[in-house]
Amino acid sequence: MKSRQNTLKILLDTSFLLPTLGIDVKGEVLECLGRLVEKKTELYYSSFSILESLWIAIRLMKDKSLDVERFNEGLRSIIEGGRYIKVKESSEAFREALRLYSLGSRDMIDNILYASSSILGLKLLTLDRELKEFIQKKGLRDVVLLPEEVI
């Protein structure tokens, strides 16, 4: 049995929270989440991903394609259900996110998620290949995982 210290700890980008919120995603997201469950991975989320999912929900509400009740149940599950662990972003993470912006990474949510992952010793699971390429190109600590690295 794996010890808690050896357990894979992953901060989920917003795309990987959407299924819990009842929002359709690509098959690779679902397949990847299934693998993480099999591996008994510790799954982390950020309040900034919740904010981003709310922006997505607003867009879907305008199209009348959001099941609001299902979305609310999903939010409750993420925040109160015990399966996901909330990260506590530090001032250091925000400073690092700003530094990433100055280096050319323009998505502040991604910057905050990356910085938090790096500082807290987590992997960041994302669909964002550009972020991974940016991190590698700049010679930064590569904590970014793409779905194919999990599946």
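Nothing in this text is a laboratory measurement; each read-out follows from the coordinates by a stated rule. For clarity, every value in this text was computed on a predicted model and none was experimentally measured. Glycine gets a Cβ as well: all are built from the backbone with ideal geometry, and neighbour counts include every protein chain shown.
When the expected Rg is taken as 2.2 N^0.38 Å, what fraction or multiple of it is the alpha-carbon Rg of segment 69-148?
1.21
With +1 on each Lys and Arg Cβ and -1 on each Asp and Glu Cβ, how big is the dipole of the chain about its Cα centre, in debye rounded to the nearest 20?
About 420 debye.
Could you derive backbone 3J(HN,Hα) for segment 7-18 from the dihedral phi with the Karplus parameters 6.51, -1.76 and 1.60 (θ = phi - 60°), listing whole Hz in sequence and x where the residue is Gly or Pro?
Computed from phi, the couplings for segment 7-18 are 5, 5, 10, 10, 8, 8, 5, 3, 3, 8, 9, 4 Hz.
PRE reach from Thr7 (point 7 Å along Cα→Cβ): which of segment 39-63 fall under 11 Å by backbone N?
Zone members listed by number: 40-44.
What are the ³J(HN,Hα) couplings of segment 110-119, residue after residue, when phi is run through the Karplus curve with 6.51, -1.76, 1.60 and θ = phi - 60°? Round to Hz, x for glycine and proline.
Per residue, the Karplus-derived 3J(HN,Hα) values read 4, 4, 5, 5, 4, 4, 4, 4, 4, 5 Hz.
Percent relative contact order of the chain, based on C-alpha pairs within less than 8 angstrom and at least six residues apart?
Across the chain, relative contact order equals 30 percent.
Among Ser91, Ser49, which comes first, second and so on when ranked by fewest other beta-carbon atoms within 10 Å?
The fewest-first ordering by Cβ neighbours comes to Ser91, Ser49.
State to the nearest 20 debye the size of the charge dipole of segment 4-86 about its Cα centre, where the only charges are +1 on K and R beta carbons and -1 on D and E beta carbons.
Dipole about the Cα centre, nearest 20: 240 debye.
Convert 10 °C to kelvin, take the viscosity as 1.306 mPa s, use the Kirkwood radius over C-alpha pairs of the chain as Rh, and evaluate the Stokes-Einstein diffusion coefficient in µm²/s, rounded to a whole number.
D = 99 µm²/s.
Under a plain spin-label model, where a point goes 7 Å from the Cα along Cα-to-Cβ, how far apart in nm are Glu133 and Arg70?
3.3
Normalised radius of gyration for segment 4-86, please: alpha carbon Rg relative to 2.2 N^0.38 Å, two decimal places.
1.10
As a check on your grasp of the helix formula, calculate [θ] at 222 nm for the chain: sum -39500 (n - 2.57) over DSSP H runs of n ≥ 4, divide by the residue count, round to the nearest 500.
That calculation yields -16000 deg cm²/dmol at 222 nm.
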